[in-house]
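I have placed the structure first, in the form of structure tokens, so that the comments after it can refer back to it.
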Amino acid sequence: MSIGILYERSETDEMGIKLTAEELGINLVYIPFRKVAVRLDENGYSVRSKGKNYSKTFEEVKVVLNRAQSKNRRFLATNVLEAFGKNVINPSPVEYVCFSKLRTLLHFWKGEIKTPRTVYVPCDSHEPTANGGEIRNEEEIADLMQQELENGSIVIKPDSGTHGKNVRLARDRKDLLAILGETEPSIINPVGILAQKLVQKWFYDLRIIVTKENGKAPYCYPSALARAGFKDFRTNTFLGNMVFGVNLPPHIRDVAVKCGKTIGKDSKAWLLAFDAMIDVGENKNSNDEYIKAEFEKLELSFDAVKKIKGDETKKRNFLSWNKRLEETFQNYKNQEAYGNIKKIIEESVERNRHNILFHEANACPEFWEQTRLVAGINLAVPLLKCAQSIIESDYGG
Ligand SMILES: Nc1ncnc2c1ncn2[C@@H]1O[C@H](COP(=O)(O)OP(=O)(O)OP(=O)(O)O)[C@@H](O)[C@H]1O
Ligand SMILES: [Mg+2]
């Protein structure tokens with residue numbers, strides 16, 4: 001009875017899961033989901049690549065860690081695996097909600113969890129007509145957005161985008177019309193326009209991990225990843241922001257567990273990373289100039305981290321690369337400025353804990369290169385525990 005891991009390409013997260021499984025003595029089986037033929041007919045199913053038959057592997061696996069990076073492939077993989085009788089981390093109801101930011105926000109809202117004010121207009125900015133012409137809807141959409149979000153800054157985002165891609169800020173109507181004009185229905189933004197009021201979140205936001213093993217209550221980790229910087233209103237690490245490990249106040253952990261329950265519902269086991277912003281407004285516990293100067297002091301040591309992260313040898317020589325990554329992160333974390341900024345964020349979070357807004361749930365979070373080394377959470381461990389908890393209860397170990 002084994003645990004499977006499914007992915008398109010093995011990145012450091014997947015190598016990290018394999019390494020962790022090895023250290024824990026867990027047998028982990030690779031499940032391909034790209035250049036394979038999944039066949040269904042009256043005799044059952046088969047999964048074969050050109051040279052290899054994976055059907056037996058599929059049969060032996062009871063739980064699969066779904067690490068497909070593309071949301072679409074991941075969702076279909078879940079559907080296929082569940083139809084074949086497998087348990088998947090995360091299960092399809094969870095993936096379904098996480099797939100869409102609007103669906104996630106609707107669930108939070110129903111669960112009475114505070115979110116940024118959100119407006120959805122189910123109409124595209126330009127629509128082709130039957131005679132080859134085009135209807136332009138920007139002005140009307142802008143009117144609707146400004147009617148609901150007032151005339152302040154507006155954030156436009158694709159419903160199922162990632163890495164901050166096409167998340168854009170309109171400071172006035174001119175910006176808004178320009179941004180709306182450039183939106184296109186696409187795989188990451190199927191229908192209409194999703195927008196939010198700009199949250200006054202100062203210079204950081206939070207990524208909070210909540211997980212549930214079969215038979216246990218959901219658990220929120222006591223520390224979180226804060227992504228911080230003054231360069232852009234988006235704080236995604238993908239855009240080069242710095243990262244800090246911060247302790248969470250009990251109130252925020254409670255709300256995060258509530259978020260987990262709202263999305264996990266009856267599913268046996270799951271692992272989610274929630275994105276949250278704190279509406280700090282003017283309630284700041286330090287001044288921007290001081291913090292910016294502290295960020296500057298960290299630049300050298302964080303550049304070293306980025307350099308190692310971008311190192312091409314990481315896949316070929318994972319273990320030695322990983323050791324260098326750990327050392328470089330340790331050096332970054334040892335800087336006095338790191339401690340100073342971390343302290344400011346923690347104080348700010350504590351002070352404004354009741355102004356936390358949750359806005360996104362990630363079903364396949366990255367972790368090996370950051371969450372593990374900064375917040376001290378190796379997500380491979382809870383992922384494997386989730387899988388084991390299902391095997392133990394459903395199949396008697
Ligand atoms: N309403 C908002 N007000 C202020 N900042 C926002 C708002 N919405 C998003 N942001 C900033 O933009 C970043 C990206 O937005 P969001 O998290 O919604 O999408 P994403 O990052 O593309 O998705 P993923 O986290 O899956 O990669 C957030 O991390 C946050 O810093
Ligand atoms: Mg995000």
Exercise for the section: Test Glu138 against the stated conditions and say whether it is within 16 Å of ligand 1 (Cβ to nearest atom) and more than 26 Å from Asn236 (Cα to Cα). Expected result: no
Problem - Residue pairs meeting the criteria (Cβ under 7 Å; at least 6 apart or on separate chains; first without any contact (Cβ under 8 Å) to a residue 24 or more places away in the chain and closer than 30 Å to Lys306 by Cα, in the range 236-263; second crowded, with 22+ Cβ neighbours inside 10 Å and β-branched (Val, Ile, Thr)) - result: Asn241/Thr235
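So that you can scan it fast, the table gives a plain yes or no per residue for (1) under 18 Å from Val199 (Cα atoms); (2) buried (at least 18 other Cβ atoms within 10 Å of the Cβ); (3) free of Cβ contacts under 8 Å to residues at least 40 places away in the same chain:
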residue: Lys110; (1), (2), (3): no, no, no
residue: Thr115; (1), (2), (3): yes, yes, no
residue: Ser125; (1), (2), (3): no, yes, no
residue: Pro128; (1), (2), (3): no, no, yes
residue: Gly133; (1), (2), (3): no, no, yes
residue: Glu140; (1), (2), (3): no, no, yes
residue: Gln147; (1), (2), (3): yes, no, yes
residue: Gly152; (1), (2), (3): yes, no, no
Handout entry: Residue check, Ile179 more than 21 Å from the chain's Cα centre (by Cα) and within 16 Å of ligand 1 (Cβ to nearest atom)
Key = yes
Problem - Subset of the range 220-238 that is within 14 Å of ligand 2 (Cβ to nearest atom) and assigned to a loop (DSSP other than H, G, I, E, B) - its residue that is nearest to Ala273 (Cα to Cα) - result: Asn236
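For (1) of a type in the set (Ser, Thr, Tyr); (2) more than 8 Å from ligand 1 (Cβ to nearest atom); (3) under 25 Å from Asn285 (Cα atoms); (4) touching a helix residue (DSSP H, G or I) at 6+ places or on another chain (Cβ under 6 Å), each residue gets a yes or a no:
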| site | (1), (2), (3), (4) |
| --- | --- |
| Lys197 | no, no, yes, yes |
| Tyr204 | yes, yes, yes, yes |
| Ile209 | no, yes, no, no |
| Asn214 | no, yes, no, yes |
| Ser223 | yes, yes, yes, yes |
| Phe238 | no, no, no, no |
| Val243 | no, yes, yes, yes |
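Report yes if Lys165 is closer than 30 Å to Glu82 by Cβ, basic (Lys, Arg) and at pLDDT below 95, otherwise no.
Numbers: closer than 30 Å to Glu82 by Cβ: yes; basic (Lys, Arg): yes; at pLDDT below 95: yes.
Here the answer is yes, as Lys165 does meet what is asked.
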Problem - Any pair with Cβ under 6 angstrom, 6 or more apart, that starts in the range 160-176 at a residue that is near ligand 2 (Cβ under 10 Å from one of its atoms) and ends at one that is part of a loop (DSSP other than H, G, I, E, B) - result: Gly161/Ile188; His163/Asn236; Gly164/Arg234; Gly164/Asn236; Val167/Arg234
Problem - helices (runs of 4 or more DSSP H) lying entirely in the range 78-178 (those with 3 or more residues that are closer than 30 Å to Met1 by Cα and touching a Leu at 6+ places or on another chain (Cβ under 9 Å)) - result: 92-99
Exercise for the section: Run Glu366 past the list (1) free of Cβ contacts under 8 Å to residues at least 60 places away in the same chain; (2) within 16 Å of ligand 1 (Cβ to nearest atom) and report the number of the one that doesn't hold. Expected result: (1)
Practice task
Give the range 96-123 a look and list any residue that's farther than 28 Å from Leu176 by Cβ, out of contact with any strand residue (DSSP E or B) (no Cβ under 8 Å at 6 or more places or on another chain) and within 16 Å of ligand 1 (Cβ to nearest atom), or say none.
Solution key: Tyr96
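Given the structure, is Glu95 farther than 21 Å from Ala363 by Cα and in contact with a Ser or Thr (Cβ under 6 Å, 6 or more places away or on another chain)?
Working: farther than 21 Å from Ala363 by Cα: no; in contact with a Ser or Thr (Cβ under 6 Å, 6 or more places away or on another chain): yes.
No: the conditions fail for Glu95.
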Handout entry: Within the range 254-294, tally of residues that are surrounded by fewer than 20 Cβ atoms within 10 Å (Cβ to Cβ), outside any loop (DSSP other than H, G, I, E, B) and out of contact with any helix residue (DSSP H, G or I) (no Cβ under 6 Å at 6 or more places or on another chain)
Key = 9
Fill in the blank from the handout: Going through (1) under 26 Å from Lys385 (Cβ atoms); (2) not in a loop (DSSP other than H, G, I, E, B) one by one, Ala68 fails only at (2)
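Each row is one residue, and each column tells you yes or no for (1) free of Cβ contacts under 8 Å to residues at least 12 places away in the same chain; (2) surrounded by 15 or more Cβ atoms within 10 Å (Cβ to Cβ); (3) among the small types (Gly, Ala, Ser).
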residue	(1), (2), (3)
Lys309	no, yes, no
Gly339	yes, no, yes
Val349	no, yes, no
Arg353	no, yes, no
Ala375	no, yes, yes
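The values are calculated or read from the model by the stated rules, or taken from the named source; none is laboratory data. Bear in mind the structure is a predicted one, so any value in this text is a computation, not a measurement. Methodologically, a virtual Cβ is constructed for each residue, glycine included, from the backbone with ideal geometry; neighbour enumeration extends over all protein chains shown.
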